[in-house]
Every structure is written in C-alpha cells, then in structure tokens.
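**Q** One structure coming up, written as structure tokens, with questions to follow.
Each value in this text was obtained by applying a stated rule to the coordinates, not by laboratory testing. Quantities reported herein were computed from a predicted structural model and do not represent experimental measurements. A quick note on method: Cβ atoms are made from the backbone with ideal geometry, for glycine too, and the neighbour counts reach across all protein chains shown.
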C-alpha cells in the first residue's frame with residue numbers, strides 16, 4: 001500500500017545490502033505505480049499475484065527464462081519489461097487458504113527485520129490485541145475516485161470485478177484459524 005512505500009524501500013535496501021537476490025514487490029501501490037516501484041525492486045507484480053507468482057517461481061526453480069510471465073514487470077539493466085495483465089481470478093475458492101504460521105515470516109520492527117513470533121504479532125496488530133482478518137470477496141460495486149478500486153477497474157476492463165468465495169471455503173478458513181489458536185493456547189499452558 002502507498003502508506004508503506006517508504007518502509008518497502010527501506011526493507012528492499014536492507015535486503016539488497018546483505019543478499020544477492022532479486023526482490024519482488026506486489027500490492028496496490030506497485031499495481032498502480034509499477035515504474036516508480038521498479039526504481040527500487042527488480043520485479044513488480046501488476047494485478048492479482050497468485051497465479052503469476054506460482055508461474056514465476058516455477059520458472060526460476062527450473063532455470064527457465066521468466067521475463068515473459070504475464071502479470072509481472074521486470075527491470076533489467078535499466079530497461080523495463082512490461083508483460084500483459086493476467087485475467088482476474090473468477091473462482092476465489094481455487095486460491096489456497098492463507099498460511100498463518102510464523103515459519104519463514106518476517107516483519108520490520110523498528111529498524112530491524114525480525115522473525116515473526118506471537119509477541120511481535122500482538123505488538124504490531126493494533127493496540128496489543130490479537131486480530132484476524134479474512135477476505136471473503138474481492139472487488140467493489142463503486143468507483144470512488146479516492147479508492148484503489150477505481151484504478152483497478154480501469155486495469156481490468158470488461159471483466160467481472162465482484163467475486164466471492166463460497167460459504168464453505170470461508171468457514172473452513174475460520175475453523176482452521178480457530179483450531180490453530182486453540183492448539184497454540186494448549187501448548188502455551190504446558
């Protein structure tokens with residue numbers, strides 16, 4: 001998101017100073033301002049990233065050229081490679097449920113990149129409370145000029161923007177989160 005842009009720049013600079021790896025940015029700010037973001041990142045996901053990211057990682061793992069992945073823009077030697085957009089995912093139930101574990105998750109806390117844990121999650125999730133956010137749908141009926149949905153609709157003309165997950169899919173996610181919390185609390189009591 002745009003409000004986190006400066007933090008994205010800081011994290012990217014820190015990563016690039018210690019690791020020789022390509023950095024990919026995604027989210028609404030890179031979707032609407034990809035060229036600005038490519039001044040800092042090596043790759044930008046332009047649009048929904050679930051399918052694009054899987055294709056990108058698969059090609060990278062197999063040693064294949066990946067500069068043709070739809071939904072991705074790349075910076076190579078100061079040249080920007082602009083691939084076409086992918087179509088919006090219409091069946092949201094095909095997207096795997098979120099990984100809510102702490103393994104391989106990191107957060108910028110102060111000036112340090114830290115491995116995520118329960119204390120950091122509670123500290124940074126808002127007023128010291130544990131929260132959980134879910135997204136049972138995507139898209140919006142309206143086109144408010146101040147909202148990213150108006151820009152998103154222009155990127156995806158003639159497509160169904162309002163998409164909903166099935167009730168069973170949403171309930172399965174909430175039950176997994178509830179059960180994981182119960183297991184964590186049981187482990188904490190031991």
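**Q** Tell me, how many Å apart are the Cα centres for segment 34-65 and for segment 133-165?
**A** 22 Å
**Q** Continuing with the same structure: Taking the simple approach of a point 7 Å from Cα along Cα-to-Cβ for both residue 23 and residue 6, what is their distance in nm?
**A** Label at residue 23, label at residue 6, 1.6 nm between them.
**Q** Another question, if that's okay. Of the labelled options (1) 22.9, 71; (2) 18.5, 56; (3) 15.8, 48, which one gives Rg and Dmax of the Cα atoms in Å as computed for this structure?
**A** (2)
**Q** Turning to a different aspect of this structure: Please list, in order, the residues from segment 62-96 whose amide nitrogen is less than 12 Å from a point placed 7 Å along the Cα→Cβ vector of residue 16.
**A** Once the point is set 7 Å along Cα→Cβ of residue 16, 75-78 turn out to lie under 12 Å by backbone N, inside segment 62-96.
**Q** Hey, another quick one. In nm, give the distance between the simple-model label positions of residue 116 and residue 54, each being 7 Å from the Cα along the Cα-to-Cβ direction.
**A** The answer from the label model is 2.1 nm.
**Q** Measuring from a point 7 Å past the Cα of residue 156 along Cα-to-C-beta, which residues in segment 31-58 have an amide N at less than 18 Å?
**A** Of the residues in segment 31-58, 31-34, 45-55 have backbone N under 18 Å from the label point off residue 156.
**Q** Suppose only helical runs count, i.e. DSSP H with n ≥ 4. What mean residue ellipticity at 222 nm does that imply for the chain under -39500 (n - 2.57) per run, divided by all residues and rounded to the nearest 500 deg cm²/dmol?
**A** So the helix-based figure for the chain works out to -11500 deg cm²/dmol.
**Q** Still on this structure: Which order do peptides 41-53, 74-86 fall in by mean Cβ count within 10 Å, highest first?
**A** 41-53, 74-86
**Q** Fully extended, how many nm does the chain gain between residue 67 and residue 94 (0.36 nm per residue separation, minus their Cα-Cα distance)?
**A** 7.2 nm
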